[in-house]
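The values are calculated or read from the model by the stated rules, or taken from the named source; none is laboratory data. Source: prediction; values computed, not measured. A quick note on method: Cβ atoms are made from the backbone with ideal geometry, for glycine too, and the neighbour counts reach across all protein chains shown.
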Amino acid sequence: MLVGCGPGDPELLTLKALRILGQADVVLHDDLLTPEILELIPAAARVECVGKRHNDRQVTQQEINRRLCAYARSGQIVVRLKGGDGAIFVLGRDLQIELDPRGGIGRRTSGHAGNVARALRGCFVAVTGDGG
């Protein structure tokens, strides 16, 4: 599951995101998440930081995808915990295709920004742009 954490305030997570995170066996998370978000990860879950900062890639996207697939195929509930909303960027679609090209393994839960992006689809409005 791809779970977007929005701006980092745990009170702004969707109920679905909290439910999914609470069921996780494995969590691969971004480097930019707040400690308050990370505290919501179940104590029994395996937790791996796979974040990247300023193009300093500690773990490649291919390796992240490989790990997600391996954990999912072993029957574990795997969460890719992202700062912001993964539905805004291509990552969500690419990750789902990587996990299972037929759409069977990968799922994502969008945050509120994903709903805005879907509403603006086809309007030529850049949700992540600077307005200029």
Of the numbered conditions (1) of a type outside the set (S, T, N, Q); (2) loosely packed, with under 13 Cβ neighbours inside 10 Å; (3) under 16 Å from Val78 (Cα atoms), Glu39 satisfies every one except a single condition; which is it?
(3)
I'm told Val47 meets every condition in (1) farther than 15 Å from Ile64 by Cβ; (2) of a type in the set (A, V, I, L, M); (3) surrounded by fewer than 16 Cβ atoms within 10 Å (Cβ to Cβ) except one. Can you identify the failing condition by its number?
(1)
Across (1) farther than 13 Å from Val78 by Cα; (2) surrounded by 15 or more Cβ atoms within 10 Å (Cβ to Cβ), His29 clears everything bar (1)
Scan the helices (runs of 4 or more DSSP H) fully inside region 1-111 and keep the ones with 1 or more residues being out of contact with any Pro (no Cβ under 6 Å at 6 or more places or on another chain) and modelled with pLDDT of 90 or more.
15-22, 35-38, 61-73
